[in-house]
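First up is the structure itself, then whatever we jot down about it.
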């Protein structure tokens, strides 16, 4: 399965290197036998993203899940924005601990796409997961970040 690093994403809070206060995640895409395409990042939350002492803020967790799902939908061919997000917090997400965010498309119908994303520990323990509905909105974008 070929691994592809996704292009730079400007000033994005989650993955843009132009944002000095951003999280700086780097995304990779690879083909997957079950989901066709998988997008993922290996990262750690830091004190900057803290919510409860020693753990990530729920909003930071949701932002990463949104971004991984949006990235996989973009990579599948739609320039999208999030229309609906549902996040499940299974366990507290620790700071300064190796994590993996991954996402895949569940279905795509016309200009709508539904995706799934999750954050796990290195051993695969699921900490948070979510589903998102994305709508094609190319008029909002001037750069093709995920192609």
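Observations
- Mean sequence separation of contacting Cα pairs (under 8 Å, at least six apart), scaled by the length of the chain, corresponds to a relative contact order of 23 percent.
- Going from the residue with the fewest nearby Cβ atoms within 10 Å to the one with the most, 5, 75, 100 rank 5, 100, 75.
- Spin-label pair residue 26/residue 107, simplified geometry with 7 Å Cα→Cβ offset, distance in nm: 3.7
- Using alpha-carbon coordinates, inclination of helix 58-75 to the longest axis of the chain, degrees: 30
- Short to long, the 10 Å bins of the Cα pair-distance histogram for the chain hold 12, 44, 36, 8, 0 percent of all pairs.
- Mean ellipticity per residue at 222 nm, deg cm²/dmol - from DSSP H runs of n ≥ 4 across the chain, formula -39500 (n - 2.57): -4000 deg cm²/dmol
- Prolate is the label for segment 90-147. Its Cα gyration tensor axes, ordered a ≥ b ≥ c, give a/c of at least 1.5 and a/b above b/c.
- As a proxy for reagent exposure, ranking 14, 87 by other Cβ atoms within 10 Å from fewest up yields 87, 14.
- With neighbours defined as other Cβ atoms within 10 Å of a residue's Cβ, the residues 43, 13 order from fewest to most as 13, 43.
- Percent of C-alpha pairs per 10 Å bin, segment 29-111, short to long: 16, 45, 29, 9, 0
Taken together, the values in this text are just the output of simple stated rules run on the coordinates, not laboratory data. Please read these numbers as outputs of a predicted model, since none were measured by experiment. Neighbour counts are summed over all protein chains in view; Cβ atoms, including those assigned to glycine, are modelled from backbone coordinates with ideal geometry.
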